[in-house]
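**Student:** Questions regarding the structure given below will be posed in turn.
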Amino acid sequence: MSEPASRNWFCGAITKPDGAEAGSACAEAFAGDFSGGYSFMSVLTHDVGRKGVSPLPTNVCGFDSETWKGGATPWDKAIDWPTNTISPGPLTITWNISWGPHFDDTEEFVYYITKPDFQYEVGKPLTWDDFESEPFCNLTGYNDNNPGATPSITPDKENSLFHTQCVVPERTGRHVIYGEWGRNSYTYERFHGCIDVVFDGEGGNATPVVADIIATPGASAFVGGGEIQFSAAGSQGENLTYAWSVEAADSSLYSLSSSNGVETVLSLAEPETEGEVVVRLQVTDGSTSSTDSFTFTHIPVYGSAWEDLGILTSAEQTLESGDLLQLRLVTKDGSDVYLPSTPFSVTNGAASVWPYEFAQAVNAENADVQLGVLNGDSVEPVQAATDNRIYAAPAVYTSAFLEVEKSSSPGSGSVSCEYTNTSVWNNGFVAKIVLTNNGTEPVEGWSVSWDYEGDAQVTNLWNAEVSGSAPYTAANLSWNATIQPGQSVEFGFQGTGSAETPEVSGSICD
């Protein structure tokens, strides 16, 4: 569990045994089992987990892991573990499954929390009596062929993540969340871990600890050898200490100038093959910790040709003068980039003219995305209805979409776009937007927007890609892009502030 960070994420994924400073919690955890600390991703069993095992194993966090032959893992030690500050209410718990991306046979995620009167004691091992007997979050029935059927489990295959949405019960002070990721009956493989938390309002810090990485350059792809500067100066908290680490298939290509400074420089040697590199940061004030990461693709010089993202428009299309166009590109980290930054206004809507003029506008604004026909190493726009394609620097973007805002009045579509608050509390809410196709033709691709008048802010969203904040704009994922006649697609989100019921707008909305 990478967010909030579990014990084996703090001490294992972030801080390896050979990087643990003397006297730190991680050094204490790895003492006596130095090599075991490198198996942080293998805290596993082949059974049905907490709900079905009897008698329960002796060790809680490791669940008597097979990797340790039923013994205690480093993360079962009763030490003063780093904590995460959270609040009661909605919480997204993220699993990083890079070391075994088993999306196709995942079945469930289950979470238990310690009882309200629980008191954490250093030196006293956790027992099952410390925990509630029933899970506070029991997410089961995931089917990778139909992920939308379990909206509280969101796969992020591009980044090898599972995001799970839970509602944490009221607690104060320090507590422990025990979690499981279970695969189905083909293997019954199950992964286990514990998250140490402190609830806001009691035992927390006046200034929350929040890790923040700033990378310069901050592109999601780096070609050849060179340097990237990293800064943690934007992190929040008091009396912070820092721990940097880097993960790559060939670690010999990378070195950090400092592993514990507020700033560090990553030196990169020329790679022979393309690969993903992750730089991780852990900050702590001595009692509470937070993590952040920066991921990029390292590309050899010889592999830096254009990547074809597809055709600009596959069918001959006549537009109207005044129609507004933008190219929406989705980056490897899931964020959106719009080109040109100011929407292009069509002056000549002829099917062979507007693609050429739009391509010229996009190409003039940037260097890593070009529209046109590939000619050697250059991309040249052509006056043709369907010949212009979208080319981008490799490994930066996953997909691209042409967005057209008609000059006629918005809201002329055949889809009802309904915003509903599903859960509201003092300073937060969970809401969903349901898009129902009332027409007779399928809707291929969708994008809708909404805005708040007060202090409401979206902090988490699932089953869609979100961009902006005033207004927010959500667009389809690959698996829910089509809305058949009579069918609905919905996406949800949680937020802070006072709940509202804003109007949802978009070219598809009626």
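The values are calculated or read from the model by the stated rules, or taken from the named source; none is laboratory data. If you're wondering where the values come from, they're calculated on a predicted model, not measured in any experiment. Please note: Cβ atoms are built from the backbone with ideal geometry, for glycine as well, and neighbour counts cover all protein chains shown.
For (1) crowded, with 16+ Cβ neighbours inside 10 Å; (2) out of contact with any Leu (no Cβ under 7 Å at 6 or more places or on another chain); (3) free of Cβ contacts under 8 Å to residues at least 60 places away in the same chain, each residue gets a yes or a no:
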{"site": "Cys11", "(1), (2), (3)": "yes, yes, no"}
{"site": "Gly36", "(1), (2), (3)": "yes, yes, yes"}
{"site": "Pro82", "(1), (2), (3)": "yes, yes, no"}
{"site": "Asp104", "(1), (2), (3)": "no, yes, yes"}
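**Student:** Run down Val176, Val198 and say which single residue is in a strand (DSSP E or B), touching a helix residue (DSSP H, G or I) at 6+ places or on another chain (Cβ under 9 Å) and either under 30 Å from Phe136 (Cα atoms) or of a type in the set (Phe, Trp, Tyr) (or both).
**Tutor:** Val176
**Student:** Show the residue pairs that are 6+ apart or on different chains and have beta-carbon atoms under 6 Å apart, the first residue being within the range 59-73 and acidic (Asp, Glu), the second being crowded, with 20+ Cβ neighbours inside 10 Å and outside any loop (DSSP other than H, G, I, E, B).
**Tutor:** Short answer, once both residue conditions are applied: Glu66/Thr45.
**Student:** Hey, could you check the range 254-277 for residues that are at pLDDT 90 or above and within 21 Å of Ser160 (Cβ to Cβ) and say which is surrounded by the most Cβ atoms within 10 Å (Cβ to Cβ)?
**Tutor:** Val277
**Student:** Since Phe63 meets every condition but one in (1) among the aromatic types (Phe, Trp, Tyr); (2) within 23 Å of Val122 (Cα to Cα); (3) within 28 Å of the chain's Cα centre (by Cα); (4) surrounded by fewer than 23 Cβ atoms within 10 Å (Cβ to Cβ), which condition does it not meet?
**Tutor:** The one condition Phe63 does not meet is (4).
**Student:** Turning to a different aspect of this structure: Among the residues in the range 285-304, are any hydroxyl-bearing (Ser, Thr, Tyr), farther than 30 Å from Val122 by Cα and assigned to a helix (DSSP H, G or I)?
**Tutor:** Yes, the conditions are met somewhere in the range 285-304.
**Student:** Sticking with this one: Considering only the range 479-510, state which residues are in a loop (DSSP other than H, G, I, E, B), modelled with pLDDT under 85 and surrounded by fewer than 16 Cβ atoms within 10 Å (Cβ to Cβ).
**Tutor:** Ala481, Asp510
**Student:** Restricting to the range 1-29, count the residues that are among the acidic types (Asp, Glu) and either within 27 Å of the chain's Cα centre (by Cα) or modelled with pLDDT of 90 or more (or both).
**Tutor:** 2
**Student:** With respect to Asp117, determine if the residue is part of a loop (DSSP other than H, G, I, E, B), surrounded by fewer than 19 Cβ atoms within 10 Å (Cβ to Cβ) and without any contact (Cβ under 8 Å) to a residue 24 or more places away in the chain.
**Tutor:** The answer is yes for Asp117.
**Student:** Within the range 88-99, how many residues are within 14 Å of Gln165 (Cα to Cα) and surrounded by fewer than 19 Cβ atoms within 10 Å (Cβ to Cβ)?
**Tutor:** To start, the set of residues in the range 88-99 that are within 14 Å of Gln165 (Cα to Cα) comprises 88-95.
Now restrict to residues that are surrounded by fewer than 19 Cβ atoms within 10 Å (Cβ to Cβ): 88, 92, 94.
Here the count works out to 3.
**Student:** Being under 24 Å from the mean Cα position of the chain (by Cα) and on the phi > 0 side of the Ramachandran plot is the requirement here; does Asn427 meet it?
**Tutor:** So Asn427 does not fit the description; no.
**Student:** Report the residue count in the range 452-470 for those that are out of contact with any helix residue (DSSP H, G or I) (no Cβ under 7 Å at 6 or more places or on another chain) and either closer than 18 Å to Asn438 by Cβ or surrounded by 16 or more Cβ atoms within 10 Å (Cβ to Cβ) (or both).
**Tutor:** 10
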